[in-house]
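A.B. asks: Input: one structure, supplied below.
No value in this document is a laboratory result; all are computed from the given coordinates. Keep in mind that what you see is a predicted model, and the values were worked out from it rather than measured. Glycine gets a Cβ as well: all are built from the backbone with ideal geometry, and neighbour counts include every protein chain shown.
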Amino acid sequence: MARGFSKVIIVGNVTRDPELRSTPSGTQVCSFSVAVNRSYRDNSGSQVENVSFFDCSAWGKQGETIAQYVKKGSGILVSGRLEQRSWEDKEGQKRSRVEIVVEDFNFIGGNGDGGSYEGGSSRGGKAASKAASDDVAPDDIAEDEAIDLSEIPF
């Protein structure tokens, strides 16, 4: 039997403030929803607007970061896998939901209140971005100087 694979990437706007909860074991999980707009022309040539809504969950440090910096209306790029959950509601009806389990994300644009998050990604963070911007200023680089490749740390 073939091994399955699930990967999804969406870009959109958060539809409500993220909700941060803790599991009984203490792991943080952040739930939020993203609206993705699509516009196209139908057969008659009219412009059609379509919006799709996707539920997302981010675990651990990623969830904490999203809950801290994201608000309703914020732009976000989410990359992750699709996961289906099933349960029975209070009336005994079987219910299910497909959601995106966030594996990586990037903030898009500002946060709307004049502030900014300097990381912009789940991998850098504010401290890493701040340190990187302090290391090299444009005035420190001479235009006619050769670059010594042995000084590059990777």
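A.B. asks: Please list 3J(HN,Hα) in residue order for region 31-37, calculated via the Karplus relation 6.51 cos²θ - 1.76 cosθ + 1.60 where θ = phi - 60°; whole Hz, with x for glycine and proline.
C.D. replies: Each residue of region 31-37 in turn: 10, 7, 10, 10, 9, 10, 8 Hz.
A.B. asks: State, as an integer percentage, the relative contact order of region 1-42 based on alpha-carbon contacts under 8 Å between residues 6 or more apart.
C.D. replies: Relative CO of region 1-42 lands at 37 percent.
A.B. asks: Can you give me the long-range amide H partners of Thr15? Hydrogens built in the peptide plane at 1.01 Å from N, cutoff under 5 Å, separation of 5 or more residues or another chain.
C.D. replies: Ser33, Val34, Ala35, Gly73
A.B. asks: Could you order the peptides 32-40, 84-92 from most to least packed, using the average number of other C-beta atoms within 10 Å per residue?
C.D. replies: 32-40, 84-92
A.B. asks: Restricting attention to the alpha-carbon atoms of region 19-93, what are Rg (one decimal) and Dmax (integer), both in Å?
C.D. replies: Rg then Dmax for region 19-93, in Å: 17.0, 56.
A.B. asks: Give me the number: length gained by fully extending Val51 to Ile108, i.e. 0.36 nm times residue separation minus the C-alpha to C-alpha distance, one decimal in nm. All intermediate terms of the calculation are to be shown ahead of the outcome.
C.D. replies: Working: separation 57, 0.36 × 57 = 20.52 nm, distance 1.83 nm.
Separation in residues times 0.36 nm, less the Cα-Cα distance, equals 18.7 nm.
A.B. asks: Right, here's the next one. Label 7 Å along Cα→Cβ of Val36; region 62-94 residues with amide nitrogen under 14 Å?
C.D. replies: Correct set: 76-83.
A.B. asks: Ordered by residue, what ³J(HN,Hα) values in Hz, to whole numbers, does region 63-71 give under the Karplus form 6.51 cos²θ - 1.76 cosθ + 1.60, where θ = phi - 60° and Gly and Pro are x?
C.D. replies: x, 4, 5, 4, 4, 6, 10, 9, 10
A.B. asks: I'd like the FRET efficiency for Glu88 and Ser6, computed as 1/(1 + (r/R0)^6) with the beta carbon distance as r and R0 of 22 Å, rounded to 0.05.
C.D. replies: On the way: r = 25 Å, r/R0 = 1.12.
Using R0 = 22 Å, I get an efficiency of 0.35.
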